[in-house]
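Visitor: Sharing a structure below in structure tokens format, with a few things to ask.
The values are calculated or read from the model by the stated rules, or taken from the named source; none is laboratory data. The structure displayed is predicted, hence computed values, not measured ones. Cβ sites come from the backbone with ideal geometry, for glycine too, and all protein chains shown count toward neighbours.
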């Protein structure tokens, strides 16, 4: 039997939530999923630590894993959407096995596929990505519905002591299409800007 949608429960403003994360998480390296998460992060302020993914749907969490492994002294935060993370459920198992202590995956969950017409997604029918992450072995996994909870999360993510492993936090946000704040589209530029910021060679 179909599960009932859950959007009658409280949700928060996605741009405000992302702005608070970006403000409080300091110099974290940030990987964004395609579409609205990239627009939200860019709206909070473009910076060389941001690595925007324009077309690699399903790849954000694993790109974040690779970056966390390559830069173990830096905090890495993936900000992606429910549709993209649903496409890459296997990534959660891989991240859980790798156990990077410096990686946090933030899922902006509006329970819709916002980039293709706002069709309802699986998370609106009872699929809980934080429960999947917890069952996979993430050190922390939770679901947040208020900006006060986001503030507490950001403070935790910014703490100097590492966690016991990867974290995944689902932020339940309003289902709405906001004006787009478009990051640079030149993938080579975005890559080289991040590499230069990390003191690596560019090409």
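Visitor: With 165, 126 as the choices, which residue is exposed (fewer than 14 other Cβ atoms within 10 Å of the Cβ) and under 23 Å from residue 88 (Cα atoms)?
Guide: Residue meeting the stated conditions: 126.
Visitor: List the number of the failed condition for residue 18; all other conditions in (1) farther than 24 Å from residue 127 by Cα; (2) in a helix (DSSP H, G or I) hold.
Guide: Here residue 18 clears every test but (1).
Visitor: Are any residues in the stretch 42-86 part of a helix (DSSP H, G or I) and surrounded by fewer than 17 Cβ atoms within 10 Å (Cβ to Cβ), and if so, which ones? Steps first, please.
Guide: So the first thing to find is which residues in the stretch 42-86 are part of a helix (DSSP H, G or I), and the list is 42-43, 60-70, 82-86.
Once the filter is applied, which keeps residues that are part of a helix (DSSP H, G or I) and surrounded by fewer than 17 Cβ atoms within 10 Å (Cβ to Cβ), the stretch 42-86 yields 66, 69, 70.
Visitor: Which one of these does residue 119 not meet: (1) farther than 25 Å from residue 19 by Cβ; (2) out of contact with any strand residue (DSSP E or B) (no Cβ under 8 Å at 6 or more places or on another chain); (3) loosely packed, with under 15 Cβ neighbours inside 10 Å?
Guide: Condition (2) is where residue 119 drops out.
Visitor: Can I ask one more? When you look at residue 139, is it farther than 26 Å from residue 42 by Cβ, touching a strand residue (DSSP E or B) at 6+ places or on another chain (Cβ under 7 Å) and in contact (Cβ under 8 Å) with a residue 24 or more places away in the chain, yes or no?
Guide: On the way: farther than 26 Å from residue 42 by Cβ: yes; touching a strand residue (DSSP E or B) at 6+ places or on another chain (Cβ under 7 Å): yes; in contact (Cβ under 8 Å) with a residue 24 or more places away in the chain: yes.
So residue 139 fits the description; yes.
Visitor: State which residue pairs qualify: first residue at negative phi and free of Cβ contacts under 8 Å to residues at least 24 places away in the same chain and inside the stretch 39-67, second residue surrounded by fewer than 17 Cβ atoms within 10 Å (Cβ to Cβ) and not in a loop (DSSP other than H, G, I, E, B) in any location, beta carbons under 9 Å apart, and separation of 6 or more residues or different chains.
Guide: 47/197; 53/187; 55/187
Visitor: Which of the residues that make up the stretch 42-73 are modelled with pLDDT of 95 or more and farther than 24 Å from residue 165 by Cβ?
Guide: 42, 43, 44, 45, 46, 47, 48, 50, 52
Visitor: Would you call residue 104 in a helix (DSSP H, G or I), modelled with pLDDT of 95 or more, buried (at least 19 other Cβ atoms within 10 Å of the Cβ) and in contact with a strand residue (DSSP E or B) (Cβ under 8 Å, 6 or more places away or on another chain)?
Guide: No.
Visitor: Go over the candidates 141, 155, 131 one by one and state the one that is assigned to a helix (DSSP H, G or I) and at pLDDT 95 or above.
Guide: It is 131.
Visitor: Limited to the stretch 158-183, what total is found for residues that are under 23 Å from residue 27 (Cβ atoms), touching a strand residue (DSSP E or B) at 6+ places or on another chain (Cβ under 7 Å) and part of a loop (DSSP other than H, G, I, E, B)?
Guide: Residues that pass the stated criteria total 3.
Visitor: Which of (1) more than 19 Å from residue 186 (Cα to Cα); (2) outside any helix (DSSP H, G or I); (3) at pLDDT 95 or above is the odd one out, the single condition residue 5 does not satisfy?
Guide: It is condition (3) that residue 5 fails.
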